[in-house]
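Visitor: Before I ask anything, let me first share the structure, which is written out below as structure tokens.
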Amino acid sequence: MNKYELAIIVSAKVEDEARANTIEKVKEYITRFGGTVTNVDEWGKKRLAYEIQKMKEAFYYFIQFESDATCPAEVENNVRIMEDVIRFLCVKQEA
């Protein structure tokens, strides 16, 4: 099992409940494709380094999980088409 970290930036225009549902859906994708979520860090609303879709702020989340090598690609394919997610990045953590 490899360790990964998925950084997700969620639109600030989304209501709190919809934002929570978005993160839950991402966690469901991870478990569906054979991973286990170990930690979720919510950094809250932060200023973006540059404007994305005419937004200057967004909500940052960092999800740590363990899985085999195929899970991150499957999760990325599903996160890519989510409307509320404006940016994401999945990286493998070194041991």
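The values are calculated or read from the model by the stated rules, or taken from the named source; none is laboratory data. Everything quoted here is computed from the prediction, not taken from an experiment. With ideal geometry, Cβ positions are generated from the backbone for all residues, glycine too; neighbour counts draw on all protein chains shown. When the accessible area is computed, the model is the full protein with side chains, heavy atoms only, and any ligands, DNA or RNA have been set aside. Shrake-Rupley method; radii C 1.70, N 1.55, O 1.52, S 1.80 Å.
Visitor: Only residues that are under 13 Å from the mean Cα position of the chain (by Cα), in a loop (DSSP other than H, G, I, E, B) and not β-branched (Val, Ile, Thr): list them for the range 60-95, please.
Guide: Within the range 60-95, Arg80, Met82, Glu83, Asp84 meet the criteria.
Visitor: A further question follows. Residues in the range 30-44: is at least one within 23 Å of Ser11 (Cβ to Cβ), open to solvent by 40 Å² or more (accessible area, probe 1.4 Å) and basic (Lys, Arg)?
Guide: Looking for residues that are within 23 Å of Ser11 (Cβ to Cβ), open to solvent by 40 Å² or more (accessible area, probe 1.4 Å) and basic (Lys, Arg), one finds none in the range 30-44, hence no.
Visitor: For the range 46-59, indicate whether the set of residues that are touching a residue at least 12 places away in the same chain (Cβ under 8 Å) and under 12 Å from the mean Cα position of the chain (by Cα) is non-empty.
Guide: Within the range 46-59, one or more residues are touching a residue at least 12 places away in the same chain (Cβ under 8 Å) and under 12 Å from the mean Cα position of the chain (by Cα).
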